[in-house]
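Read the structure below first, then the notes.
The values are calculated or read from the model by the stated rules, or taken from the named source; none is laboratory data. Given the structure is predicted, the values throughout are model-derived calculations rather than measurements. Note that each Cβ is placed from the backbone with ideal geometry, even for glycine, and that neighbours are counted across all protein chains shown.
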Amino acid sequence: MGNSSLKYEWHGTKVIGVVKANMDEHLGNIARAIEQEMTENLEKSGSGKWGPYTRRSVPGQPPAKQSGELYGSIRHKQMSELHWRVGSTSEIAPHMEYGTSPHVIRPKNAKSLHWYDWENEGADVYAKQVHHPGTAPRPFFRPAIDKVVRRGMLPKRALIIMD
C-alpha cells in the first residue's frame with residue numbers, strides 16, 4: 001500500500017458552528033428543565049392548614065397553588081445566541097421566593113382594604129391599613145435550579161442570578 005495514510009481534517013469555523021448549535025440546543029433544554037421543575041414545585045399542595053381552596057404552604061415549602069397566577073407566570077426565553085433566561089413575570093414571585101419583612105399595607109385605589117376571613121366563616125373584613133408581619137420564604141425557583149444542577153445538566157457556577 002505504499003505511503004497511504006488515513007487523515008481527518010476539520011476547520012475551526014465549521015466546528016465552532018456545530019458546537020454552538022449543539023450548545024444552544026443544550027442550553028434550551030436546561031431552560032425547559034428549570035421551567036418544568038419550577039411549575040412542578042408550584043403544582044404541589046402545601047402541608048399547612050387549609051385555606052379557602054387548598055392547603056397552605058409552610059415556610060420553606062414552595063408556595064401552594066391558589067389563584068394560579070404565579071404558576072402561569074413561569075417562562076423561559078432565548079435572549080440571543082447562547083443566552084437563555086428562565087423566570088416569572090409575576091410581581092409576587094420574589095416575595096414568595098425570598099420572603100418579606102414586616103410592612104404596612106394600604107389601599108391604592110379604594111378607601112379601604114377588603115378580604116374574606118376564611119377562619120371566621122368567610123366574613124367580610126375591611127380596614128384602612130394592615131400591619132403585615134412579613135412572610136417567610138417559600139422557595140420554588142432555587143430548588144428547581146438545584147435539582148437541574150444535581151442532574152448534571154448545568155454547573156452552578158455558570159448561573160447569573162438576576163433579581
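Quick look at the values:
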{"quantity": "All positions within segment 82-112 that are over 24 Å from the mean Cα position of the chain (by Cα), at pLDDT below 95 and among the small types (G, A, S)", "calculated": "A110"}
{"quantity": "R32 being of a type in the set (K, R) and within 18 Å of P139 (Cβ to Cβ)", "calculated": "no"}
{"quantity": "Residue among E69, E97, E119 that alone is under 23 Å from L159 (Cβ atoms) and among the charged types (D, E, K, R)", "calculated": "E97"}
